[in-house]
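The values are calculated or read from the model by the stated rules, or taken from the named source; none is laboratory data. Note that the structure is predicted; figures quoted are calculated from it, not measured. In this analysis, Cβ positions are derived from the backbone assuming ideal geometry, glycine residues included, and neighbour counts consider all displayed protein chains. The accessibility values were calculated without ligands, DNA or RNA, using every heavy atom of the protein model including side chains. Shrake-Rupley method; radii C 1.70, N 1.55, O 1.52, S 1.80 Å.
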Amino acid sequence: MLGNITVTESLDFAAELKLPRSVSRMVKSKTVNDIIKLLGLQKCANNLVETISGGEKKRLSIGLELISNPRILFFDEPTSGLDIIAAMQVIAHLKELALSGKCVICVIHQPSSSILQMFDDLIVLSEGKCIYKGPLDEMVSTFKSSGFECPNYYNRADFALEVASLKHEGNLLTLVEKAREEYKPAAIVNELNESENDAMLIAAGANNHCDSDIEAGSGYSGGSDRQYPVSQWSQFVTLTKRTTLCTFRDMQLMKMRILAHLCVGLLIGVVFWEVGNDGSKVLSNASCLFFFLIFVFFANAMPLVMTFPLETAVFIRERMNNWYSLGAYFFSKLVADFPFLILGPTLFLASSYYMTSQPMELHRVVMLWTICILTAWVAQLTGLLAGSSLPLELSVFCVPCSVIPMLVFCGFFVRFREMFDFLVPFTYVGYFRYSFEGSMQAIYGFNRTNIPCEKYCYFGKVSKFLESFDMEENTYAMDVGGLVVWVVAMHVALYASLAFRLKRNQ
């Protein structure tokens, strides 16, 4: 779940996405309040999700699905990772749901006797075979008739799991046959519809896997003909609000990003003090512009590499539960992150541009700012793509490694004329070539006058300086176009990556 919004806000956003627009805001608010009361979340209703306990998170995850008032609820190990008290609270609330007219099914391992007592019906599996299916109170007698006798004052759950794990002597085949005789094709779905107010427990033994003894339909359709409670536009607006709120609430990351852009801007300004207006320091100024781009890239790529995998997990869960479409999430993420994409490079240039004495001409400032924004945009998409398609440990390694070829072919370290002929075409592929060349054009192109120099300066003539980097004058439009092509290509790759993750998790 998203940790930077409160319990109530989580339920409110779920209501906006899962309830049709015909439902009034008052009814949605009442539904949220009723769920909070039903699940005992009043004390933490205004707390951030990241600060609540494990049991409360379990109950909140249940509440998110209760928004649409489903008749059947299937929980996979709802007590895992909880202490006995928290587990009791979760199961007690599930029992209340069952008593309210819903069919509640749980897969659970090693329940205590008090937790087991809350269930009405039981299915026990052993090595993929159903060995018992029926009322909880009849389990011990059924096992006894097949030679498995439960000791007095023994936890029935432990006894059932020991039988399923083949730790007791008896005729297990008899149990399997009895369960198979009672089974009727398509009976489970019919029983679920007819057994409301019941809670069913599926207890699994060691090394289990499902087989034909248990059949069920998921209700999920992986096709493109999904029907959503609200329109795509409403999904987009709601998701944009939620993503923006989460980003603003993550104050630690936001402060660090802002502080980093300001501090590094000041550091570069001090190190490259007034190199932009000195003809004897033009090579140092080229290094200064190159460092501008390097910092802007990594400052916008790496934070998303670290944070986006968690958001991807939330997206997959909600999308598989039919909350919203891939397109609505994709565009909301881009729009919500765009203000921060603008803010960082702007703060960075505001301090470093003046301190390094770059030409104080508005069109040049705008040109360099545009290159930095486009570079940050490519960086942001690189971080999102890595975070959505790779594990965290691998993405942290792969993003810096993927930048190395881009830097080698950008024209700063090795001039294009010094490369082998067969390598020159690769220089037109890397986005750092267009970033570096575009920044050089912004500062030195478009008929800039010769740079002042106290003594003789070999690169006092601007055209000669650009020529030393194998750059023609006034190619800024081509550089911007190259970055725009990269931005579009990265958007397509990110969308495809998210679609692939969804298909893989079907």
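Calculate how many DSSP beta bridges within the chain are antiparallel, expressed in % of all such bridges and rounded to the nearest 5.
Among the beta bridges of the chain, antiparallel pairing accounts for roughly 30 percent.
Find out how many positive minus negative residues lie around ILE35, taking Lys and Arg as positive, Asp and Glu as negative, among other residues whose Cβ is under 15 Å from that of ILE35.
Here the count lands on +2.
How many angstrom separate the Cα center of segment 465-506 from the Cα center of segment 96-131?
53
Straight-line reach from LYS461: which lysines fall under 21 Å, measuring Cα to Cα and dropping same-chain residues less than 8 apart?
Once the sequence-local lysines are set aside, what remains near LYS461 is LYS281.
Using Cα atoms only, what is the angle between the long axis of helix 84-99 and the major principal axis of the chain, expressed in degrees (0 to 90) to the nearest 10?
70
Could you tell me what percent of the accessible area of segment 28-130 is made up of carbon and sulfur, with a 1.4 Å probe and every protein chain present?
Of all accessible area on segment 28-130, carbon and sulfur atoms account for 51 percent.
For ARG180 paired with LEU259, estimate the spin-label separation in nm (one decimal), with each label point 7 Å from Cα along the Cα-to-Cβ line.
According to this spin-label approximation, the distance is 6.7 nm.
Once phi is turned into ³J(HN,Hα) by the Karplus curve 6.51 cos²θ - 1.76 cosθ + 1.60 with θ = phi - 60°, what whole-Hz value does each residue of segment 418-434 show in order, with x for glycine and proline?
In residue order, the calculated couplings are 8, 8, 5, 4, 6, 8, 4, x, 5, 5, 7, 8, x, 6, 6, 5, 5 Hz.
Short version: ³J(HN,Hα) in whole Hz for each residue of segment 303-320, in order, from phi by Karplus 6.51 cos²θ - 1.76 cosθ + 1.60 (θ = phi - 60°), x for Gly and Pro, what are they?
x, 6, 4, 7, 9, 6, x, 5, 5, 5, 4, 5, 4, 4, 4, 5, 5, 5
Of LYS241/LYS333; LYS144/LYS167; LYS18/LYS95; LYS37/LYS57, which ones are farther than 19 Å apart at the Cα?
LYS18/LYS95
Find the centroid of the Cα atoms in segment 1-42 and in segment 320-383, then give the distance between the two in whole Å.
Here the two parts' Cα centres lie 33 Å apart.
Any idea how far apart GLU149 and MET306 come out in nm if each label point goes 7 Å out from Cα toward Cβ?
So the two model labels end up 6.3 nm from each other.
Counting only protein heavy atoms, what percent of the accessible surface of segment 228-310 is carbon or sulfur at a 1.4 Å probe?
C and S fraction of accessible area: 73 percent.
When the accessible area of segment 317-475 is computed with all protein chains present and a 1.4 Å probe, what percentage of it is carbon and sulfur?
Here it works out to 68 percent.
So how do ILE85, ILE268 rank on accessible area, 1.4 Å probe, biggest first, that is with the largest at the start?
Correct descending sequence by accessible area is ILE85, ILE268.
Compute the helix-to-body angle for 392-408: its Cα long axis versus the longest principal axis of the chain, expressed 0 to 90° and rounded to tens.
Tilt of helix 392-408: around 20 degrees.
How many nm separate the modelled label positions at LEU343 and THR244, each set 7 Å beyond the Cα in the direction of the Cβ?
1.2
Which sequence of SER80, SER234 reflects their accessible areas, 1.4 Å probe, from the largest down?
SER80, SER234
Out of [x] 19, 38, 25, 14, 3, 0; [y] 21, 52, 23, 4, 0; [z] 23, 61, 16, 0, which label holds the value of P(r) over Cα pairs in 20 Å bins from 0, in percent that was computed here?
Only one option fits the structure, namely [x].
So what's the angle, to the nearest 10 degrees on a 0 to 90 scale, between helix 172-182 and the longest Cα principal axis of the chain?
90
May I ask you to give the solvent-accessible area per residue for the chain, in square angstrom, as obtained with a 1.4 angstrom probe?
Heavy-atom SASA per residue in the chain reads 49 Å².
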